[in-house]
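Worksheet: the structure to be examined is printed underneath.
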Amino acid sequence: MSLRLRALNGVLWRVVKPFLARVQRPQVLRRGFSLAAVFLFKPWHARMRRSILGMEFTTGTPAPGRVMLYFHGGGYVAGLPWTHRELLGRLARATRLAVIAPKYRLAPKHPLPAALEDAVAAWDGLTARFSPGQIVLGGDSAGAGWRYRFWRFYVGGGRRLRH
């Protein structure tokens, strides 16, 4: 484990986790999440552009015929594609794919199924240009939960969502 990762892990356990246990308003959590992204994570050398589906991250020329749809984490109440820009830029570079991160609606202002509807809209937008077998699904933390649920009940389950 790198020194940077050990330091980050220590901060998460000693500072962030106790802070999260006390937060009662999502606005405070969102602001903290965004500030942490600005100060802790440097933007990776990736092109970031808005698209109708969310934010698109690329490095160099993406491999043709494949794309990644990535659902960011944030406990379903925080996070945006730009707060994950370092990770998404690294993924774009490592995979040589265009990485699409939808800006899905967050709770509690937009309760379920709003975020899942946004995931479906992003998927439908991608399937207009790619076959389902050309789309790689990814996600971290709560976004990994969206990814699993989305795959299980929508893509792999005959295009139906339960909420």
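Against the definition (exposed (fewer than 14 other Cβ atoms within 10 Å of the Cβ) and either free of Cβ contacts under 8 Å to residues at least 40 places away in the same chain or aliphatic (A, V, I, L, M) (or both)), how does Lys42 come out, yes or no?
no
So for the range 72-95 (the condition being farther than 18 Å from Ala46 by Cα and either outside any loop (DSSP other than H, G, I, E, B) or in contact with a Cys (Cβ under 8 Å, 6 or more places away or on another chain) (or both)), does at least one residue qualify?
no
Can you report the number of residues in the range 93-112 which are farther than 11 Å from Gly138 by Cβ and under 13 Å from the mean Cα position of the chain (by Cα)?
Residues in the range 93-112 being farther than 11 Å from Gly138 by Cβ and under 13 Å from the mean Cα position of the chain (by Cα): 5 in total.
Restricting attention to the range 21-37, does a residue exist that is over 26 Å from Ala121 (Cβ atoms), modelled with pLDDT under 80, exposed (fewer than 15 other Cβ atoms within 10 Å of the Cβ) and among the charged types (D, E, K, R)?
no
What are the residues in the range 102-139 that are surrounded by 19 or more Cβ atoms within 10 Å (Cβ to Cβ) and part of a loop (DSSP other than H, G, I, E, B), if any?
Matches in the range 102-139: Pro102, Tyr104, Leu106.
Would you mind telling me which numbered condition in (1) at negative phi; (2) modelled with pLDDT of 90 or more Arg96 fails?
Single failed check for Arg96: (1).
Is the range 53-67 home to any residue that is loosely packed, with under 15 Cβ neighbours inside 10 Å and among the aromatic types (Phe, Trp, Tyr)?
No, that holds for no residue.
Out of Ala92, Ala107, which single residue is closer than 20 Å to Tyr148 by Cβ and out of contact with any Asp or Glu (no Cβ under 8 Å at 6 or more places or on another chain)?
Ala107
Look at the range 152-163 and say how many of its residues are on the phi < 0 side of the Ramachandran plot and either modelled with pLDDT of 90 or more or surrounded by fewer than 15 Cβ atoms within 10 Å (Cβ to Cβ) (or both).
Residues that pass the stated criteria total 6.
The values are calculated or read from the model by the stated rules, or taken from the named source; none is laboratory data. Since this is a predicted model, take the numbers as computed values, not measurements. A quick note on method: Cβ atoms are made from the backbone with ideal geometry, for glycine too, and the neighbour counts reach across all protein chains shown.
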